[in-house]
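Read the structure below first, then the notes.
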Amino acid sequence: TVQMCLDEGLAEKRNVMPRHTGIHPENRGKTGVDPFNAQKLTLKISMQGYSETKLENPMGFEKASAGPLHDEQQLFNERNFAEGNGYIKPIPFREIEYLPVTCSHTVAAANIIEGEGPGLHDELCDEKGNIDKSKVLQLCPSWQEALSQGIPCVVFKRELEVACSELPAFLSRAGNQSHDVHSKETKVQLMLYMEHSSELSLIHISEPTR
């Protein structure tokens with residue numbers, strides 16, 4: 001389970017700043033963040049209010065150390081941000097510390113506000129069509145919590161991803177199916193998978209380098 005990973009030091013709960021957050025390559029079946037959905041979510045949260053209680057199991061991984069996995073993550077992020085055409089704020093990969101597999105659009109929404117780039121909804125924009133941060137915060141003061149204090153996440157260690165390479169995709173599928181009719185079954189599958197994977201990773205990570 002997730003708790004097992006937390007207990008064994010393979011994961012930790014902490015607030016992650018949006019400006020240090022990228023996009024995991026396994027996010028939403030390798031599709032990453034959709035700029036139109038992110039802009040739509042920015043409007044929705046701004047109208048309804050931001051609350052940590054509404055977040056659904058935000059989880060992700062530390063950015064990989066130098067090597068092939070690191071390069072893969074960097075390429076994916078640079079491509080996803082470029083395809084956003086300014087409608088999602090690009091985060092330089094050197095500044096990224098955390099790669100979410102769930103709640104990535106919520107993080108992107110916070111960065112959209114911070115970045116004040118082009119927007120799709122007049123309610124959040126200035127006369128030039130760019131996101132107006134002061135206007136958004138006036139409309140939704142609760143956004144300031146995410147912008148200044150970060151978003152609470154379960155952050156899995158980079159070593160766990162190396163030991164269990166299938167885990168990010170599984171967590172993304174499970175976490176992003178929360179509204180599906182099979183969500184209860186998915187959660188059971190997730191718990192079983194996590195228990196098996198964490199046991200294996202404990203063995204792999206603790207093995208001495210030869």
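A few remarks follow.
- Database remark: amide H of MET59 closer than 5 angstrom to the amide H of VAL101, THR102, VAL154 (H placed geometrically; neighbours at sequence offset of 5 or more, or on other chains; Pro and chain starts carry no H).
- The range 9-21 - phi-based ³J(HN,Hα) in whole Hz, Karplus 6.51/-1.76/1.60, Gly and Pro as x: x, 8, 7, 9, 8, 7, 7, 10, 6, x, 5, 10, 10
- Given charges at Cβ of Lys, Arg, Asp, Glu: the range 109-176 dipole, positive-most of VAL136, ILE151, ALA163: ALA163
- Rolling a 1.4 Å probe across all protein chains gives VAL2 an accessible area of roughly 40 Å².
- Cα-based shape type of the range 1-107, given that a ≥ b ≥ c are square roots of the gyration tensor eigenvalues and the cut on a/c is 1.5: oblate
- Computed packing ranks the peptides 22-30, 101-109, 87-95 as 101-109, 22-30, 87-95, most packed first, by mean other Cβ atoms within 10 Å.
- Computed from the C-beta positions of LYS30 and MET4, the FRET efficiency with R₀ = 35 Å rounds to 0.85.
- Estimated from the Cβ-Cβ distance and a Förster radius of 25 angstrom, the FRET efficiency linking SER51 and GLU97 is about 0.55.
- Taking the centroid of alpha carbons for each part, the range 1-28 and the range 109-124 are 25 Å apart.
- Remark: the range 1-81 carries a charge dipole of roughly 440 debye about the Cα centre, counting +1 on each Lys and Arg Cβ and -1 on each Asp and Glu Cβ.
- Close amide H pairs (under 5 Å, H built 1.01 Å from N) link ILE151 with VAL16, MET17, residues at least 5 positions away or on another chain.
- Sorted largest first by accessible area at a 1.4 angstrom probe radius, with every protein chain in place, the residues GLU159, GLU145, GLU166 fall in the order GLU166, GLU159, GLU145.
The values are calculated or read from the model by the stated rules, or taken from the named source; none is laboratory data. All of these numbers come straight from a predicted model, not from anything done at the bench. Here Cβ is always computed from backbone atoms with ideal geometry, including for glycine, and neighbour counts include all displayed protein chains. Note: areas computed on protein heavy atoms with side chains; ligands, DNA, RNA excluded. Shrake-Rupley method; radii C 1.70, N 1.55, O 1.52, S 1.80 Å.
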